[in-house]
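Step one of this worksheet: look at the structure below.
Quick note: the coordinates plus some simple rules give every number you see, no bench work behind them. Please read these numbers as outputs of a predicted model, since none were measured by experiment. Note: ideal-geometry Cβ built from the backbone for every residue, glycine included; neighbour counts use all protein chains shown.
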Amino acid sequence: MKKWITIKAFCAISFFLLTIMQSEGQQISKEEMLFLTPEWKGERFEDGRPKVSDTILERMKAVTHEEAWAVLKNEGYKYQYAERWETIHPDSVLVGRALTATFMPGRPDIHDAIDKRGKASGKRGQNSWPVDLLVRGDVYVADQFGLHNGGPTIGDNVGNAIYAKSGNGIVYDGAIRDINGLKAIGGFVSFFSSYHPSHHNQSGDLNTMLIGINKPTKIRQVTVMAGDVVLGRDGAVTFIPPHLAEKIVITSEVVRLRDMFGHSRLRAGIYTAGQIDTRWSAEIEKDFSKWLNDHIDDLPISKVQIQEILENRTW
């Protein structure tokens, strides 16, 4: 029995190492990316990563975690919300497309094999490999397995490189360093686990190694896929599968409009709190549609989007 367990363990480790070595530069293959994101029918990057439109990303900035959570829960996605982060620029909102990186505790033989292949293709420093792939609108999402002392792979140099390429910040499940320098980057809205002045490769110790780029990764209790829409605000982060991004945006806009209408009618004394706080009657729904048309040029949502809501409404 012990011999059989040993053989099984050896096979599992061999498969893991083979998977690592077959992925060029630790990146997921385009075929695997397409296989793992079948629900996305829209535009993609050259490597297959889903590319949610800039318009949806811009509209996403007004979405709250409550609005996103409700849609995701109804769609069967129970583990998309991660909270209790340290933050840089906490009053700002972080929205973008996830580019993922997965680090694991360093092991010399595996680290050196990965490093050798990277150096053969002109790469230096594993912590910079994912950063080199960032484009405008991306968010760098990295699983650093919460490592604190000896963990930071992001300081002010890497942080500036991330911001220069993406115009965005990070979601980083681990420690950062050079925090004062990172705070000086105006738009570097970031969520991270902790701060420590050490470095991931200090005194020759290989504390971490990069085992995956744009592969599914785990951030706290969330499984994150490259191309997910990152919504970071109010100290928490929601990771939204790309095929649900537009639905969440539209739902948020409808909720916002209904709240504005309801509050205005309550202040005017037209309806009672009981009427507004329960399922609306046909009379109130009709009044809401008229209110939308009457105020269509004054509302914080574009006229085109309101017209689409009116045309497609099922409530």
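Here the calculated FRET efficiency for Glu31 and Lys303, from their Cβ-Cβ distance with R0 = 45 Å, stands at 0.60, rounded to the nearest 0.05. Each Lys and Arg contributes +1 and each Asp and Glu -1, all at the Cβ; summed about the Cα centre of the stretch 246-312, the dipole is approximately 200 debye.
Taking only alpha carbon atoms, the stretch 246-312 gives an Rg to Rh ratio of 0.95, where Rh is the Kirkwood radius.
A full extension of the chain between Ala282 and Glu46 corresponds to an added length of 80.1 nm, given 0.36 nm per residue minus the alpha carbon distance. Considering the options Trp291, Met260, Ile248, tell which one lies farthest towards the positive end of the dipole of the stretch 246-312, charges being +1 on Lys and Arg and -1 on Asp and Glu at the Cβ, about the Cα centre. Of the listed residues, the answer is Met260. Stretched out straight at 0.36 nm per residue, the stretch from Leu266 to Ala113 would grow longer than its current Cα-Cα span by 48.4 nm.
Charge tally for Phe145 (other residues, Cβ to Cβ under 10 Å; Lys, Arg +1; Asp, Glu -1): -1. In this calculation the C-beta distance from Lys183 to Ala62 is compared with R0 = 25 Å, giving a FRET efficiency of 0.50.
Distance check, please: which entries in Lys61/Lys165; Lys78/Lys247; Lys61/Lys215 exceed 24 angstrom between their Cα atoms? Violating the 24 Å limit, Cα to Cα: Lys61/Lys215. Angle of helix 245-267 to the longest C-alpha principal axis of the chain, folded into 0 to 90 degrees and rounded to 10: 40°. With 0.36 nm allotted per residue and the present C-alpha distance subtracted, the His89-Arg136 stretch has 15.0 nm of extension available.
Averaging the Cα positions of each part gives two centres, and for the stretch 255-315 and the stretch 73-107 these lie 33 Å apart. Over the chain, all Cα pairs binned in 20 Å intervals from 0 give whole-percent P(r) values of 29, 49, 18, 3, listed from short to long.
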